[in-house]
Amino acid sequence: MAQFRKNTLVVDFGVLPNRPALEKVEEFLKHYIKLDMADVRSIQIHNIKNCLFIEMNDPGVAPRLQKLHHLRHCFVLEGVKYYIPVYVDGPTTTVRIHDLPPQMCNDTIADHLQQYGRVISIYNELWKNFFSGVPNGVRVVRMRLDKPIPSHIVVNNHSTYVSYPNNSDKSASQRTKQQQQKPSSSSAKVQKQCDSIEPAAVRPDGGDDDDDENNDSNNECENGKDDTPETDSAKRRLSTESTNGTEDENIAKRSCNESAPNSDSTWKVITRSKKKMML
């Protein structure tokens, strides 16, 4: 479905800081545009775009009026002239040019944009909510595009940002894709690092070998330092005879306090922890 109106002439009052009164609009159409009401099928005010749509009965009237009156007449407000664009509605695009110096002539900008399509009108955008009536440096260009305009161009050695509906949507979608790709790449790196770490060996009883070794060393030190008499079951004498009946020298088992002199000839037997025995 076409997004433009057929046989329709557009009188664009968007260049004005304020919408003109209906009396001024009627005077402008009758005395400057020389509009014949017999050729008119309907007249509609567009509140969002701040323009006037004039639908004609004859398809040839609107192009003729555009050729005669486009940017030929102006409104004067507080000593400033605002030329009114008059054009035939069609597949046009409103392009906004940012960041250029206010001293740069609009004709220079229009000549540069001709390589992307036909420029219908260009005017300086004004502040509305703040600094009302003061130009904000943005040029509004209405044109029929033959090819897309890059989001950044250079006009007369000045870099500028270009925005229009389709181009803005593409830029936003590209930024969204880039933002979505960043977390995924970082998560992939984290996953790769996690995969490279080898899991520690787990014992069937849930214990740890290091814990058992620490416990054994602690038990040995405690038994070596404890001077209290032990129970009869804990004291055992080592056999002085081997299995073959010959007497051999007993091999002394070392404890934590072997360096200290021991007057008792009884050897102490170190009992391993229960966890170690169960294994």
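The values are calculated or read from the model by the stated rules, or taken from the named source; none is laboratory data. In this text, all values refer to a predicted model and were calculated from it rather than measured experimentally. Positions of Cβ are generated from backbone atoms using ideal geometry, with glycine treated the same way; all protein chains shown enter the neighbour counts. The protein model used for the area step is the full one, side chains on, heavy atoms only, and it has no ligands, DNA or RNA in it. Shrake-Rupley method; radii C 1.70, N 1.55, O 1.52, S 1.80 Å.
So which GluC sites (Glu not before Pro) in the stretch 39-143 are both in a DSSP loop and have at most 12 other Cβ atoms within 10 Å of their Cβ? Walk me through the numbers on the way to the answer.
Values: sites: Glu55, Glu78, Glu125; in loops: Glu78.
Passing sites in the stretch 39-143 are Glu78.
So what is the accessible area of the stretch 56-171 per residue, in Å², with the probe set to 1.4 Å?
Values: 6570 Å² over 116 residues.
With all protein chains present, the stretch 56-171 gives 57 Å² per residue.
Please report the relative contact order for the stretch 31-172, taking Cα pairs under 8 Å with a sequence separation of at least 6, and give it as a percent rounded to a whole number.
RCO, the stretch 31-172: 19 percent.
List the trypsin sites (Lys or Arg not before Pro) within the stretch 116-172 that fall in a DSSP loop (any state other than H, G, I, E or B) and whose Cβ has at most 12 other Cβ atoms within 10 Å. List each step's numbers first, then the result.
Working: sites: Arg118, Lys128, Arg139, Arg142, Arg144, Lys170; in loops: Lys128.
Counting only loop positions with at most 12 other Cβ atoms within 10 Å, the trypsin sites (Lys or Arg not before Pro) in the stretch 116-172 are Lys128.
In the structure shown, do any of Lys6/Lys49; Lys6/Lys81; Lys24/Lys81; Lys30/Lys81; Lys81/Lys128; Lys49/Lys128 have a Cα-Cα gap over 22 Å, and if so which?
Details: Lys6/Lys49 18 Å; Lys6/Lys81 30 Å; Lys24/Lys81 15 Å; Lys30/Lys81 20 Å; Lys81/Lys128 17 Å; Lys49/Lys128 14 Å.
In this structure, Lys6/Lys81 lie more than 22 Å apart at Cα.
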